[in-house]
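Quick notes on the structure that follows.
The values are calculated or read from the model by the stated rules, or taken from the named source; none is laboratory data. Owing to the predicted nature of the structure, the values given are computational and were not obtained by experimental measurement. As a convention, Cβ positions derive from the backbone with ideal geometry for all residues, glycine included, and neighbour counts pool all protein chains shown. These accessible areas exclude ligands, DNA and RNA; they are computed on the full protein's heavy atoms, side chains included. Shrake-Rupley method; radii C 1.70, N 1.55, O 1.52, S 1.80 Å.
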Amino acid sequence: MSAIEDVVRELSRLPGIGPKTATRLVHQLMRGPGEDTLRLARALDSLAERVRPCEECGNFGEEDLCAICRDPRRDLSVLCVVEGAFEVGSIERTGQFRGRFHVLGGRLSPLDGIGPEELNVHGLLERIRGAEGRVREVILATSPSVEGEATAVYLEGEIRPLGPRVTRLARGIPMGSDLEYVDGSTIVEALAGRREM
Amino acid sequence: MRLSHLSLRSFRNLGDQAFAVPSEGFALVGDNAHGKSNLLEAVYYLETFRSFRGARDRQLIAFGYPFFRIEGELTSPEPDRGGTRVAAAYERSTARKKVVVDGVEVERLGDGIGHVGAVIFSPADITLVSSGPSERRRFLDILLSLNARGYLDHLQRYRQALERRNVALRRGEPPAAVSPWNAPLLRHGSAVTELRLDWVRTYERSFRATYEAVSGGASAWMEYRCSFELPNSPPSAGMAEESPGVFVAAGPGRGEVAEAFEDALLRSAERERRRGWTVVGPHRDDVFIGLGSPEEGLDLRQFGSGGQRRTAALALRLVEGETIRQVRKRAPIILMDDVFAELDEGRSERLLSLLDEQAIGQVLLTAPKDADIRLRADTLPRWRIRSGEVST
């Protein structure tokens, strides 16, 4: 097994990268100065060494607690539940959310063998209980797919008895789109979720 | 709508052929295994984008070819009313199906179905009435996907929820992890149930009358048998009429049927846990077909003769045509695959006069012998087929 083949094999395990793309990337690296490749290697090395899930919320960070959980200015009373750390980034970029997060690490998906046990649900409930009533609202930001919906319904059932208000991200017509191009079931949701002006 | 032009590329044994189709239709005569049914299969493919014989798409490609393509042109019988072009193609290597309606590729197949407005009669229809409930559910599912707005969408969502719920049950997940699938199951499942019930109740009379007309007097009836107990008052399936000027207040899947379904689901929790799958819902329903009067309660599947079963299957297809006429406000295109060979003289005659009475539109039929073609006083243009080659 040559070094090139090794790297190609490792790269092609990543989503969206097949053997062809992986080979192209390797050849690109070989064309540049060896320095660049070493820098990439060191960056990957420290990624594996230093980055880990936050003990509190499951988001990625480099210490026991992630940057968001360490930030004393973040509002403790609102908790936003997302499927993955990727979504934390999406919401953070808006700059509009000042509460904290909780990362489930997936969604209920019996077809893939993922039930509540496989998700970070226990941690979420412990967090809410441990806050002794200071968590006033939990926003369920799972995706609006069949599985995301079921995950939200499941979580709602578990969280509500603990006290906090449980809310769900709104669904409907995306910003900047034209009603003409929106599919029927989205319009149905939007009609059901219409609000007073 | 009439089929005015059909062109085929490497479809089954028909190869590459194109023909203009006469507005009254044609009678295709040829020996068995020369491709008669294949031609009707191609036409009906444009309606549902699936083989009516249950063949897989790759089996429809001519041997040794990479893909098949079917294109049909539909024209309205009234002049000045535009037509529609529907094309479907399937490629073996990519397993990709492409459907184009009037030059625009449809995003979801469901958006392209139902442009032809055809009903197909075939000898295999006998399984509609003699096999288990799944055949009759399939009949309703196809019929309603083509003729009831929103049905296909509800059906697909119902199946998604059902599949996940069943896996959760089989895995022995705690009730709290099974119940999140209840909401989509109940909502889409009751919409499916309501639309089916509505169809059976609306067309029950028509079924009975059609059966009587074909059988020459004897009667039969049909009834939707639900896996859970339904409320007594007939539900209103479609839009809630009483909601004044508001968007559908209740809408399908949110009324009494939904409540009855939910009750049944909750009551069956113990049973489904034991068995590992969802035991109530429209995936367990049936259309019961009885002989004589409902009081006699005779099950056609148990007590029906071959002739009675054939008549019931024909009646279902004729009522399907009636549905197209009512819902789409136009005569269906009738496809008949070797139907008369199986019927006795009297039934054939009565079926023919019934079809003539119904002011049918275009008729495409196949038969192995000239003698079997008696429709329309034998005036249909006669086409021949030999080894897949059609001569008009």
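For the reader, a short list of remarks on this structure follows.
- B:R254 in a helix (DSSP H, G or I), modelled with pLDDT under 95 and open to solvent by 70 Å² or more (accessible area, probe 1.4 Å): no
- Scanning region A:115-153 for residues that are over 16 Å from the mean Cα position of the chain (by Cα) and within 14 Å of chain B (Cβ to nearest Cβ) yields a total of 8.
- Residue tally, condition surrounded by 15 or more Cβ atoms within 10 Å (Cβ to Cβ) and either free of Cβ contacts under 8 Å to residues at least 40 places away in the same chain or among the β-branched types (V, I, T) (or both), over region B:68-83: 2
- Scanning region A:66-91 for residues that are closer than 22 Å to A:R136 by Cβ, without any contact (Cβ under 8 Å) to a residue 40 or more places away in the chain and open to solvent by 60 Å² or more (accessible area, probe 1.4 Å) turns up A:R70, A:P72, A:R73, A:D75.
- Residue check, B:Y45 modelled with pLDDT of 95 or more, under 24 Å from B:L128 (Cα atoms), of a type in the set (S, T, Y) and surrounded by 13 or more Cβ atoms within 10 Å (Cβ to Cβ): yes
- Residues located in region B:179-232, provided they are within 14 Å of chain A (Cβ to nearest Cβ) and in contact (Cβ under 8 Å) with a residue 60 or more places away in the chain: B:N182, B:L185, B:L186, B:R187, B:H188, B:G189, B:A191
- Boolean, A:L108 is in contact with a helix residue (DSSP H, G or I) (Cβ under 9 Å, 6 or more places away or on another chain), within 14 Å of chain B (Cβ to nearest Cβ) and either surrounded by 16 or more Cβ atoms within 10 Å (Cβ to Cβ) or touching a residue at least 24 places away in the same chain (Cβ under 8 Å) (or both): yes
- Complete set of residues in region A:53-96 that are under 18 Å from A:L119 (Cβ atoms) and in a strand (DSSP E or B): A:P53, A:F60, A:L79, A:C80, A:V81, A:V82
- Residue satisfying all of: in region A:143-173; surrounded by 21 or more Cβ atoms within 10 Å (Cβ to Cβ) and touching a strand residue (DSSP E or B) at 6+ places or on another chain (Cβ under 7 Å); modelled with the lowest pLDDT among these: A:E147
- Options B:I70, B:I120; residue that is within 16 Å of the chain's Cα centre (by Cα), outside any loop (DSSP other than H, G, I, E, B) and among the β-branched types (V, I, T): B:I120
- Scan region B:354-368 for residues that are modelled with pLDDT of 80 or more and more than 22 Å from B:H5 (Cα to Cα) and the total you get is 2.
- Selection over region B:22-33 of residues that are buried (at least 22 other Cβ atoms within 10 Å of the Cβ) and in contact with an Asp or Glu (Cβ under 9 Å, 6 or more places away or on another chain) gives a count of 1.
- Yes/no for B:R157 being modelled with pLDDT of 95 or more and either assigned to a helix (DSSP H, G or I) or more than 11 Å from every other protein chain (Cβ to nearest Cβ) (or both): no
- Taking (1) touching a residue at least 60 places away in the same chain (Cβ under 8 Å); (2) open to solvent by 40 Å² or more (accessible area, probe 1.4 Å); (3) more than 14 Å from every other protein chain (Cβ to nearest Cβ) in turn, B:V119 satisfies each apart from (2).
- Residue ID - nearest to A:E62 (Cα to Cα), chosen from residues in region A:1-16 that are at pLDDT 90 or above and open to solvent by less than 70 Å² (accessible area, probe 1.4 Å): A:L11
- Leading residue by the ranking (surrounded by the most Cβ atoms within 10 Å (Cβ to Cβ)) among those in region B:179-227 that are among the β-branched types (V, I, T) and farther than 16 Å from B:L316 by Cβ: B:V192
- Some residue of region B:143-153 being assigned to a helix (DSSP H, G or I), open to solvent by less than 20 Å² (accessible area, probe 1.4 Å) and within 11 Å of chain A (Cβ to nearest Cβ): no
- Screening the candidates A:E5, A:E49 for the property of being farther than 29 Å from A:E83 by Cβ, assigned to a helix (DSSP H, G or I) and among the acidic types (D, E) yields one hit, A:E5.
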